[in-house]
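All remarks here apply to the structure that follows.
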Amino acid sequence: MADAVGGADQALEHIRIHRTDMVICDLNMPGITLLRLLAETDFAGEIVISSAVDEVVLKASVRMCTAHNMNFKGTISKPVIHAKLFCNI
């Protein structure tokens, strides 16, 4: 099942209620805040980061996931090329 949420707090609430195997996180919505909160709650699911931000910012978020021993699986740059989307997940 896939769901979309509007912010970090809503995402955390959804994760608390539903079994969540993977989070695809847009750095702009809910972004770094969600990654920080997931690290604080020891989220064990997979993390995929999606964004149109500069490559430097994207790499910094990957380093943050790695530093917190999060289950980081990859990045998806925007705009999304659908053929590449399923190869990355």
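The values are calculated or read from the model by the stated rules, or taken from the named source; none is laboratory data. If you're wondering where the values come from, they're calculated on a predicted model, not measured in any experiment. Reconstructed Cβ throughout: ideal geometry from the backbone, glycine too, with neighbour counts over all protein chains shown.
Within the stretch 60-80, the residues that satisfy the criterion of being surrounded by 12 or more Cβ atoms within 10 Å (Cβ to Cβ) and either over 15 Å from T33 (Cα atoms) or aromatic (F, W, Y) (or both) are N71, F72, K73, G74, T75, I76, S77, K78, V80.
Could you grab me the full set of residues in the stretch 39-56 that are buried (at least 16 other Cβ atoms within 10 Å of the Cβ) and over 12 Å from the mean Cα position of the chain (by Cα)? Of everything in the stretch 39-56, just one residue is buried (at least 16 other Cβ atoms within 10 Å of the Cβ) and over 12 Å from the mean Cα position of the chain (by Cα), namely V53. Each residue in the stretch 63-75 was checked for being β-branched (V, I, T) and more than 10 Å from the chain's Cα centre (by Cα), and 1 of them qualify.
When the stretch 17-38 is examined, which residues are found to be under 16 Å from T66 (Cβ atoms) and either at pLDDT below 90 or loosely packed, with under 15 Cβ neighbours inside 10 Å (or both)? The answer is C25, L27, I32, R36. All of A39, A44 fail the test of being part of a loop (DSSP other than H, G, I, E, B), closer than 20 Å to V5 by Cα and not acidic (D, E), apart from A44. Within the stretch 47-89, track down each residue that is modelled with pLDDT under 85, polar (S, T, N, Q) and either under 17 Å from L12 (Cβ atoms) or part of a helix (DSSP H, G or I) (or both). Once the filter is applied, which keeps residues that are modelled with pLDDT under 85, polar (S, T, N, Q) and either under 17 Å from L12 (Cβ atoms) or part of a helix (DSSP H, G or I) (or both), the stretch 47-89 yields only N88.
Residues in the stretch 11-35 that are touching a residue at least 12 places away in the same chain (Cβ under 8 Å) and assigned to a helix (DSSP H, G or I): A11, L12, I15, G31, I32, T33, L34, L35.
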